[in-house]
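Worksheet for the structure shown next.
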Amino acid sequence: MCRTYGDPDVIGVEEVPPPEIGPGLVRVAVRAGAINFPDVLLIANRYQVSVPVPFIPGSEFAGEVTEVGDGVESFRPGQRVFGSTMVGAFAEEVVVSASSLTDIPNGVTDDVAAAFGVAFRTAFHVLRSVAQVRTGDELIVLGAGGGVGSAAVQLGALLGAVVTAIASSPEKLEAAKACGATRLIQHQAGSDLRAALKEALAQGADVVIDPVGGGLAEPALRSLRFGGRFVTVGYASGTIPHIPLNLVLLKGVTILGFQFRDFAIHQPEEMVNNEVELLELLVTGQARPVIGATFDLNEVAEALRLVGDGQAIGKVVLRTGSV
C-alpha cells in the first residue's frame, strides 16, 4: 500500500478489504507480479499520470481466476491468466476488466507470464509497427539488460535484425548476448558512447530503440545512417533528453514515440495482430523474459529499489502469494 508519495521505502504491506467486483470484471488470485519502472515513478508521483493516494501499486500480474462479474463469458474460475492494470497488482487479489486478461499457455509458469506482458508487448509493437524493423537491419538497443531492453534484443533478433546491445555492466551485456545480441557495448560515466558506436557500426545503424533517455540518446541518434529511425520508449535514466534538431535535418532521420494508450486508440487492428503473433512466440518458447531476481511480497520495497536504481537485470518478479 502506498499512503504517501516518495521512494520505495514508503510502501508497506497491509491487510485491507478485498476489491469489489462488478459487471465485466474478473477477480484474480495473484500468484506473481512483475515490477516495471513506471511503478516506481507512480509511487514517487513522477509519472505522467498521477494516482491519488492511497493506492496499491503494481501493473503486471499472473494468477488464477476466482470469480467473474455479470456479462463475463470469456473466463471462468480456475482459469490461469495474466494481465496488466495501472495499479493494484501487488496484492493477493486484483479485480480487473476481462478485456485486460489473457490465458496463460500450457507450460508457461506464473513468473514467466507475469514478466512477459508489458515488456514484450512494448518491445514488439515498437519493433514491428513503429520502427518497422526488417531482416538485416542494424538495430541498437539502449538499456539492453533491462526488462524492455532485453525483450527488444530478443525480439529484434527474431525479426532478423543484427542487434547491438548497450548496457551498463558486464552482467547485463551477458544477458543481452543470451537474448541474441551480436555486438556488446558497455557504457559508463565518462565513457564515449559515440566513439564506441562509430567503431562498432562504421556504416551506421538503421534503428535505435531507447527506453533509457538521458545522456545516451544523442550519441545513439548520431550513430544512425541517413534515413534511420529513432524510437523513444521511456526514460529509465530519470532524464528526458534534449535532441538538437539540426541532427534530424542533417541526417534525415525520423524520431518516433510509443505509448500503449495511443497505439491502442490509433492502431487497434495492428495491435491485435501483433499480439496474436507475440503470443505464438510465447507458446512456442521462442520468446521468454529474462528474470533476474524474485522477491516475496513483504520484500516489495527492496524489489522496487532494485528497478528504480537501474540495477535490475531483465525483469524483477514479486511472488505475491508469499507474505
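A few points about this structure:
- All distinct Cα pairs of the range 119-162 go into the 1/r average, and the inverse of that average, the Kirkwood radius, is 9.9 Å.
- Here the range 214-305 is treated with +1 on each Lys and Arg Cβ and -1 on each Asp and Glu Cβ, and its dipole about the Cα centre works out to around 620 debye.
- Nitroxide proxy distance, nm - points 7 Å out along Cα→Cβ at ASP262 and VAL283: 3.2 nm
- Using alpha-carbon coordinates, inclination of helix 110-125 to the longest axis of the chain, degrees: 40 degrees
- Over the chain, relative contact order from alpha-carbon pairs under 8 Å, at least 6 apart, %: 18 percent
- What the Kirkwood sum gives for the chain is a hydrodynamic radius of 20.1 Å, with every pair of different alpha carbons counted.
- A straight Cα-to-Cα reach below 19 Å connects LYS198 with the lysines LYS251, residues fewer than 8 places away in its own chain not being considered.
- Full extension of the chain between ASN246 and GLU64 yields a length gain of 60.3 nm, computed as 0.36 nm times the residue separation minus the alpha carbon distance.
- Cα gyration tensor shape of the range 169-215, rounded if a/c is under 1.5, else prolate or oblate by comparing a/b with b/c: rounded
- Where a label projected 7 Å from the Cα of ASN106 along Cα→Cβ would reach, residues of the range 70-92 with amide N under 19 Å: 76, 78-82
- Cα-Cα separations in the range 85-161 greater than 20 Å, expressed as whole percent: 43 percent
- Among the GluC sites (Glu not before Pro) in the range 27-89, those placed in a DSSP loop whose Cβ has at most 12 other Cβ atoms within 10 Å are GLU73.
- Using 0.36 nm per residue and subtracting the Cα-Cα separation, the extra length available between PHE226 and TYR47 on full extension is 61.1 nm.
- Residues of the chain: accessible area per residue with a 1.4 Å probe, Å²: 45 Å²
- Paired Rg and Dmax values of the range 220-323, which use every Cα atom, in angstrom: 18.6, 56
- Nearest-0.05 FRET efficiency for THR182 and GLU275, computed from C-beta distance (R0 35 Å): 0.80
- Exposed loop sites here are trypsin sites (Lys or Arg not before Pro) assigned a DSSP state other than H, G, I, E or B and surrounded by at most 14 other beta carbons within 10 Å; excluding them, the longest clear run of the chain is 135-323.
- Close amide H contacts of ALA32 (hydrogens built in the peptide plane, cut-off under 5 Å, sequence separation of 5 or more or a different chain): ALA62, THR320.
- Label positions at ARG134 and LYS198, each projected 7 Å from the Cα along the C-beta direction, are separated by 2.8 nm.
- Using the Cβ-Cβ distance between ARG76 and GLU20 with R0 = 22 Å, the FRET efficiency computed as 1/(1 + (r/R0)^6) comes to roughly 0.65.
- The spread of Cα positions in the range 194-242, taken along each principal axis and listed from longest to shortest, comes to 30, 20, 15 Å.
- Over the range 117-199, volume per residue of the alpha carbon convex hull, in Å³: 86 Å³
- Label-to-label distance for THR239 and THR254 is 2.9 nm, based on points extended 7 Å past Cα in the beta-carbon direction.
- Degrees separating the helix 268-283 axis from the principal Cα axis of the chain, which is the longest one: 80 degrees
- Cα gyration tensor shape of the range 1-99, rounded if a/c is under 1.5, else prolate or oblate by comparing a/b with b/c: prolate
- Placing unit charges on the Cβ atoms only, positive for Lys and Arg and negative for Asp and Glu, gives the chain a dipole magnitude near 1180 debye about its Cα centre.
- Ranking GLY257, THR284, LEU245 by how far each Cα lies toward the positive end of the dipole of the range 241-323 (charges on Cβ) leaves LEU245 at the top.
The values are calculated or read from the model by the stated rules, or taken from the named source; none is laboratory data. Note that the structure is predicted; figures quoted are calculated from it, not measured. Positions of Cβ are backbone-derived with ideal geometry, glycine not excepted, and every protein chain shown enters the neighbour counts. Protein only, heavy atoms only, side chains kept; ligands, DNA and RNA dropped before computing areas. Shrake-Rupley method; radii C 1.70, N 1.55, O 1.52, S 1.80 Å.
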